[in-house]
Structure formats: C-alpha cells, structure tokens
Amino acid sequence: MIKNLNKLAILLLFLTISVNNGYCQSNLKYKGFIEFGSGINFYNDNWKTTETSVPGRTFGDPNQMRLRPFLSFRSTNGVFIKNRCFFGISFGIEKMKGDILKGYSSKGRSMTTYFNVLTIPLGIDSKVYLSRGQFRPTIGINTGRAFTISKQKIGYTSFTGDYYLDVKTGNYFNPSIGFEILTSRRIKRVFIFNIGYKFQKINSTYTYINRGIPSGWSTISSNLNILSFNLGYSF
C-alpha cells in the first residue's frame with residue numbers, strides 16, 4: 001500500500017509542476033524549514049506475517065503491541081519556485097513510544113511494558129502554496145523511509161508465553177494541509193503549522209522463548225495510521 005502511495009506522491013509532484021508551469025520556469029530560490037511535531041496513532045492495519053520459522057504458525061500477538069510517535073524533529077532544504085511551489089529533501093529524528101499489553105492483574109488493572117524506538121526519517125518533500133499573501137494556505141506531501149537506529153529487544157510475558165520483541169520501521173507517506181504566516185517582511189520570518197495523516201510501515205519480530213531457549217520466531221508487518229501535527233519556522 002505504501003509503495004503505491006509513494007508512486008502517487010511522485011505523480012502528484014509532477015502534476016503540480018505541470019499545473020504550475022507558468023510559475024515554475026524560473027526564479028528558483030533556496031528555502032528551508034525546521035519543524036517540531038507529534039502524533040496520535042489511531043489504529044494499525046494490514047497485519048501480515050512475512051516470515052516465520054515454523055510454516056503455518058505465527059508467534060506473538062501484534063494486537064497487544066502499539067507504537068506511536070510522540071516527539072519528532074525535521075529539517076527540510078530545497079527550492080522555492082516563483083512563490084508557488086516547493087520541492088526539497090528532508091531528514092530528522094523521531095522518537096516513538098511503544099507499549100505491550102501483557103495481561104491484567106487480579107485487581108483488573110492492565111499490566112504493560114513500555115519501550116522506545118529511535119528512527120531517522122529521510123524523504124522528499126513537496127508543497128503547493130495557494131496564495132502569495134501574508135497568510136499562505138499550503139498542501140504538502142512528505143514521503144520516504146524511516147531508518148531504525150536504536151535496536152531494542154524487549155522481553156515480556158503474555159497470555160501465550162514468553163517473548164522477545166524487536167521493532168523496525170520502514171516506508172512512510174504523509175500528506176498534509178496547513179498554512180504559513182509571514183510575521184516580518186523585513187527579515188522574512190515565517191511561522192509554519194500543518195496537520196496531516198501519516199502511514200508508517202513497521203516490521204515486528206517476535207521470538208518465542210521456551211524455558212529460556214528461543215524456540216521460534218515470526219516477523220509481522222503492519223501500517224500505523226497516525227494523525228500528525230507540526231509547528232515550525234521557515235528561513
């Protein structure tokens with residue numbers, strides 16, 4: 001699904017340039033962004049077992065694991081074309097918080113194991129400006145791949161046994177709408193806000209532990225559906 005969305009993003013980019021051909025033939029200017037953001041993971045879908053050590057059997061229960069970004073930083077650098085469209089390359093750091101529901105205590109309270117995942121998203125960014133005034137509504141697409149840089153195997157006990165969980169992130173696709181406000185024409189200080197819907201691919205590897213010995217494993221892929229928010233500054 002995300003591969004198809006990435007192809008769609010590239011197609012939309014070329015359509016954007018074509019539609020704005022009257023604006024985008026000359027007058028290229030450098031433009032950069034610094035953004036801080038967060039997000040809410042509503043649900044995960046498209047669960048699929050991609051690899052398993054025992055054919056026909058899946059180890060682990062992905063419905064017990066949730067993963068959501070709670071803090072991100074992104075820097076984008078590119079070209080601003082005739083004050084109408086932007087194209088650039090982005091990179092950043094994203095810290096995700098995960099939790100595994102292990103079961104319930106005798107008092108009915110949930111027992112949860114928490115863990116963190118640190119990633120570096122690298123992508124391409126395109127944006128269309130709907131006006132040239134002080135208040136500029138925007139439509140944008142950011143797509144690429146998030147590389148996991150902190151591999152943290154988490155041990156936990158669930159209803160079905162003891163496991164180690166290893167999470168890695170993959171491709172992402174993030175369309176958004178927002179606005180920019182020019183707060184100072186003299187030094188061109190610009191405030192940025194956008195809200196989007198992010199699709200993030202993840203791969204979760206569950207290793208089953210039987211009496212202290214690894215006895216089987218499965219890798220399960222899924223998509224995170226995330227409502228994202230970003231605040232920033234343009235220079």
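Somewhere in the stretch 80-92, is a residue closer than 30 Å to Asn210 by Cβ, at pLDDT 80 or above, over 17 Å from the mean Cα position of the chain (by Cα) and in a loop (DSSP other than H, G, I, E, B)? Scanning the stretch 80-92, I find no residue that is closer than 30 Å to Asn210 by Cβ, at pLDDT 80 or above, over 17 Å from the mean Cα position of the chain (by Cα) and in a loop (DSSP other than H, G, I, E, B), so the answer is no.
Please work out if Gly56 is exposed (fewer than 13 other Cβ atoms within 10 Å of the Cβ), more than 20 Å from the chain's Cα centre (by Cα), outside any strand (DSSP E or B) and at pLDDT 80 or above. No, not satisfied. With respect to the stated conditions, Leu118 is within 30 Å of Asp162 (Cα to Cα), under 20 Å from the mean Cα position of the chain (by Cα) and modelled with pLDDT of 80 or more. Looking across the stretch 145-164 at every residue that is among the aliphatic types (A, V, I, L, M) and modelled with pLDDT of 80 or more, the one that is surrounded by the most Cβ atoms within 10 Å (Cβ to Cβ) is identified as Ala146. The set of residues in the stretch 81-101 being surrounded by fewer than 20 Cβ atoms within 10 Å (Cβ to Cβ) and acidic (Asp, Glu) consists of Asp99 alone. Kindly establish whether Asn230 is of a type outside the set (Asp, Glu), buried (at least 18 other Cβ atoms within 10 Å of the Cβ) and in contact with a strand residue (DSSP E or B) (Cβ under 7 Å, 6 or more places away or on another chain). The answer is yes for Asn230.
If you check Pro137 against the conditions, is it under 12 Å from the mean Cα position of the chain (by Cα), at pLDDT 90 or above and on the phi < 0 side of the Ramachandran plot? No: the conditions fail for Pro137. On the basis of being modelled with pLDDT of 80 or more, more than 13 Å from the chain's Cα centre (by Cα) and assigned to a strand (DSSP E or B), does Leu231 make the cut? Yes. Within the stretch 187-211, being at pLDDT below 90, in contact with a strand residue (DSSP E or B) (Cβ under 8 Å, 6 or more places away or on another chain) and hydrophobic (A, V, I, L, M, F, W, C) holds for Val190, Ile202, Ile209.
The values are calculated or read from the model by the stated rules, or taken from the named source; none is laboratory data. Bear in mind the structure is a predicted one, so any value in this text is a computation, not a measurement. Please note: Cβ atoms are built from the backbone with ideal geometry, for glycine as well, and neighbour counts cover all protein chains shown.
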